[in-house]
Amino acid sequence: MVEFTLAYETKLTHSGIFDFKEFYRFLYEYITSREYVVIEKSYSEKVKPEGKEISIEWLCLRRISDYFRFRIKVAIRIIDMVSVEVMRDGVKVKRDKGTVEVKFTAYLERDYENRWEANPFLKFLRGIYDKYIIRNTIVSYRDALAAETDEINAQVKAFLALEARR
């Protein structure tokens with residue numbers, strides 16, 4: 001059975017002006033450049049009187065070895081998004097205004113291919129393997145995943161802050 005170890009969880013919120021299409025493209029390309037496979041689990045868009053509400057869920061997976069895999073869940077929620085015109089370098093351009101919430105939850109997966117589940121003896125060996133043989137490896141991979149997810153979070157914050165200043 002796959003075992004999950006929570007490595008990192010955070011949520012960021014940004015209210016202001018941004019370019020939704022550019023934000024979506026930036027986040028997707030940044031995550032895929034880190035060798036993750038991005039699976040879009042859901043995308044919903046609702047039009048309300050106060051603006052659009054968009055919800056997106058991604059599952060980002062990166063194989064580390066036959067035993068370990070990084071899993072990052074990305075939940076993007078945009079509330080009250082409306083199109084606005086802003087001046088940029090003396091030219092009117094269309095942008096979006098609203099509130100962006102991005103939640104990152106990162107897990108370290110162990111035995112994601114269920115190779116140690118074939119029989120009770122292998123299950124027993126897996127417990128010993130996890131507890132005594134690769135304990136330090138688990139900790140180092142968990143810390144690496146946390147650092148990587150924190151870096152993605154920092155890049156998203158920087159992107160949104162830069163977009164707000166333009």
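Details
- Once you reduce region 26-71 and region 121-145 to the center of their Cα atoms, the two points are 28 Å from each other.
- Its residues counted as N, region 1-98 yields a C-alpha radius of gyration over 2.2 N^0.38 Å of 1.34.
- Normalised contact order of region 3-165, rounded percent, pairs of Cα under 8 Å and 6 or more residues apart: 29
- Convex hull per residue volume in Å³, alpha carbons only, for region 68-120: 125
- 5 angstrom amide H check on Tyr112, placed H, neighbours 5+ away: none
- Volume of the Cα convex hull of the chain, divided per residue and given in Å³: 108
- Label-point separation in nm, Val37 to Arg63, each point 7 Å along Cα→Cβ: 0.7
- Gain upon complete extension [Gln155, Ser15; 0.36 nm per residue less C-alpha separation]: 48.8 nm
- A Förster radius of 22 Å combined with the Cβ-Cβ distance from Lys73 to Lys46 puts the calculated FRET efficiency at roughly 0.55.
- Within straight-line cross-link reach of Lys123, lysines at Cα separation under 22 Å, skipping those fewer than 8 residues along the same chain: Lys131
- Theoretical gain in end-to-end length, Val91 to Glu113 [0.36 nm per residue, Cα-Cα removed]: 2.5 nm
- Candidate lysines for bridging to Lys103, where Cα separation is under 26 Å - those fewer than 8 sequence places away on the same chain excluded: Lys11, Lys21, Lys41, Lys46, Lys48, Lys52, Lys73, Lys157
Any read-out appearing in this document is the output of simple, stated calculations on the displayed coordinates, not a laboratory observation. Only a predicted model underlies this, so the values are computations on that prediction, with no experimental measurement involved. Note that we place each Cβ from the backbone using ideal geometry, even for glycine, and neighbour counts take in every protein chain shown.
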